[in-house]
Amino acid sequence: MSANRRDFIKFVVAGAVAAGCPIDLSLIAKAEGANDNSSAEVDGEDNRICHQVRDGKVFTRPPASARHDVVIVGGGVSGLAAAYRLQHRDFLLLEKEPHWGGNAYAMEYDGCVYGTGSAFTTKDEYAYRFAKEIGLTPLPVNSPDGSIIRSEFIPDTWGDGLDKLPYPAPVRESFKKFRKEMIAIEVEKRGKELFNLPFSDFLKDYPQELKQWWDNFGPSNWGAASEQTAAGLAILSLQEMVGESREDDRYTWPGGLGAVTKKLAEVLSPNHKNRMLTGATIVAVVPASQEVQVTYMLSGELRTVAAKAVIMATPKFITRRVIDGLPQALSDAMNQIRYIPYPVVNLIFDKPVFNRGYDTWCPGNTFTDFIVADWVVQKHPGYKQKFNILSCYTPMPEQDRSELLTEDGARGIAERVLRDFQKLMPETNVDPVEVHIYRRGHPMYMSAPRLYTEIQPLVRRPMDRVFFANTDSEGPVSTTNSGILAAQRAVRQVEARLAGRPAPKEKAAAG
Ligand SMILES: Cc1cc2nc3c(=O)[nH]c(=O)nc-3n(C[C@H](O)[C@H](O)[C@H](O)COP(=O)(O)OP(=O)(O)OC[C@H]3O[C@@H](n4cnc5c(N)ncnc54)[C@H](O)[C@@H]3O)c2cc1C
């Protein structure tokens, strides 16, 4: 693509970068001022308050002006699901963004929906049943993942595709040997051991092409390359992909799982609108013996509410900064969870460019894979594709996070994604009408060894009247499903606490 052609493409930069996180404030100031000479549009959250919390500012805490049974902090899928289960209670749900959804949030371009984060759930996950319960009909993906390798599209990579990989025969054979060996591993029997080992231990004796494939797949799905991945998780994931039935059990909606958070907000709003506040950033959670005080900033004003219980559905890197008196051991455990920066770049084409599979893996590029936004409705009778929107998943190493801070940096990433996409195959060398990048600084925790077995059980332990939801409490991988399960566990704990009963025993993956 020539510089001239590129100049005509509009780049739109949106989304959160540094939500209450360890990034220098002066960089943010620069990012906010950087709009002047650029053609990119900027729309996104304001993290100034979170940064002040991070930097140790103690805000004035006005006396409580209202009392509730439960305050829920964070309006991602976990906070929304908690509110859904607490409709019989006097709850207050607080979200800092102007919209609900967190990392499961869909946007629209000229009436066409596209994802900015969470993409699909599987039929065996509780999220599938939950979606039905709130009134959504899950749509089948029914398209085993292909890969684009050396300019060739290989359908069903880990099925028949292994025979077609454009590699020398010994490399193809290694892929097959690896698949066979991984299928033979009894993960359930060896569970804990496998979740404490790095996946790279299992790739040592294989050619680098295999490692490259997994170092592309891992960051997209669980935020980590093979050295930082809990082996049990990667092995299970392969076993699911090549399972005996070979049935694709993934379900979604146009634009992904943002459909679930949108629906939750729609279901809750009619009866609970005045108990659901967006644009409300929590700056302090102060537990006392009879109640917990929660102070938040809304429209530039600080307010405090008191609650009998609080559910923190925020990620732990934020949670640990706002709770007063958090025990050191709990704070240290929360601090061990690592999060990657993970923007999603949507390429919007006004003509069909790629509709050959739902999710296609592209090792060796700036992005890991791309999803066809309207895949699950394409075969619906009467459906006509207006725009071919391709969502390019672009997980980044932690050390590159600062690139997202400036508009130029974010635009640079989007440009590299577009350049790599156009080089994939001759058919993808087409100019989009717009390129949208939704940047997120810390949206996905890394499923590292010991996280699931040792750290997550610690970080979900309640602190008297304060309870911990969010997907990062649950594991083994960051999913909408685990966000919902974390919420439901927290709700059970809250109900027990309010009834003066002992905390219920934790059930694994309880619905
Ligand atoms: C690119 C990407 C792709 C993904 N793909 C999938 C997928 O295909 N399938 C799947 O199941 N999962 C996927 N995930 C993971 C999934 O999106 C998350 O696990 C899930 O959305 C987490 O929901 P949550 O409510 O636990 O947390 P979040 O979504 O992090 O919600 C937390 C909320 O708290 C708010 N908040 C933070 N601080 C404050 C404060 N101080 N005051 C008030 N509010 C605050 C935030 O704004 C946010 O809305 C993906 C994630 C990413 C980033």
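How big is the Cα convex hull of segment 296-356 in projection, averaged over all directions, in nm²?
Working: hull surface 36.1 nm².
Dividing the Cα hull surface by four gives the mean projection, 9.0 nm².
Accessible surface of residue 222 in the full protein assembly, 1.4 angstrom probe, to the nearest 10 Å²?
10 Å²
Size of the dipole of the chain about the Cα centre, Lys and Arg at +1 and Asp and Glu at -1 on the beta carbon, nothing else charged, in debye to 20? Walk me through the numbers before you get to the answer.
On the way: 61 positive and 63 negative charges, 278 e Å.
Value, rounded to 20: 1340 debye.
Would you please give the residues with an amide H less than 5 Å from that of residue 355, counting only those at least 5 places away or on a separate chain, with H modeled from the backbone geometry?
none
At 222 nm, what helix-only mean residue ellipticity would the chain give, in deg cm²/dmol to the nearest 500, using -39500 (n - 2.57) for each DSSP H run of four or more?
Details: 15 runs with 160 residues, N = 511.
Theoretical 222 nm ellipticity from helices: -9500 deg cm²/dmol.
Can you list the residues, at least 5 places off or on another chain, whose amide H is less than 5 Å from the amide H of residue 468, using H built in the peptide plane?
Counting only residues 5 or more places away or on other chains, the set is 312.
Run through the DSSP bridge list for the chain and note the antiparallel percent, rounded to the nearest 5. Walk me through the numbers before you get to the answer.
Values: 47 of 76 bridges.
Just about 60 percent of them are antiparallel.
Starting from the Cα of residue 277, step 7 Å along the direction of its Cβ; do the same at residue 142; then give the gap between the two resulting points in nm.
4.7 nm
Give the span of segment 241-377's Cα atoms along each principal axis, as three whole-Å numbers ordered largest to smallest.
58, 40, 35
How much of the accessible area of the chain, probe 1.4 Å, is carbon plus sulfur, in whole percent? Intermediate values should be presented prior to the final figure.
Working: 10420 of 21210 Å².
Ligands and nucleic acids excluded, carbon and sulfur give 49 percent.
Mind jotting down the distance between the C-alpha centroids of segment 420-493 and segment 364-398, whole Å?
Using only Cα atoms to place each centre, the spacing works out to 19 Å.
Need one number: the % of Cα-Cα pairs in segment 433-488 sitting beyond the 18 Å mark.
Numbers: 638 of 1540 pairs.
Tail of the P(r) past 18 Å holds 41 percent of the pairs.
Going by accessible area, probe 1.4 Å, with all protein chains left in place, what is the ranking of 183, 348, 318, largest first?
Details: 183 85, 348 0, 318 25 Å².
Sorted by accessible area, descending: 183, 318, 348.
Rounded to the nearest whole Å², what accessible area per residue is found for the chain with the 1.4 Å probe? Show your work: numbers first, answer last.
On the way: 21210 Å² over 511 residues.
For the chain, the solvent-accessible area averages 42 Å² per residue.
For segment 144-157, take each phi angle, set θ = phi - 60°, evaluate the Karplus expression 6.51 cos²θ - 1.76 cosθ + 1.60, and give the result in whole Hz per residue in order, putting x for glycine and proline.
x, 5, x, 9, 10, 10, 6, 6, 10, 8, 10, x, 6, 3
With N set to the number of residues, divide the alpha-carbon radius of gyration of the chain by 2.2 N^0.38 Å and report two decimals. Present the calculation step by step, with values, prior to reporting the outcome.
Details: Rg = 22.6 Å, N = 511, 2.2 N^0.38 = 23.5 Å.
So the chain has a normalised radius of gyration of 0.96.
Please give the per residue volume of the convex hull enclosing the alpha carbon atoms of segment 287-330, rounded to a whole number of Å³. Each step should come with its number before you reach the end.
On the way: hull volume 4.0 nm³, N = 44.
Taking the convex hull of the Cα positions in segment 287-330, it is 92 Å³ per residue.
The values are calculated or read from the model by the stated rules, or taken from the named source; none is laboratory data. All values reported here derive from a predicted model rather than from experimental measurement. Cβ coordinates were reconstructed from backbone atoms using ideal geometry, including for glycine residues, and neighbour counts include every protein chain displayed. These accessible areas exclude ligands, DNA and RNA; they are computed on the full protein's heavy atoms, side chains included. Shrake-Rupley method; radii C 1.70, N 1.55, O 1.52, S 1.80 Å.
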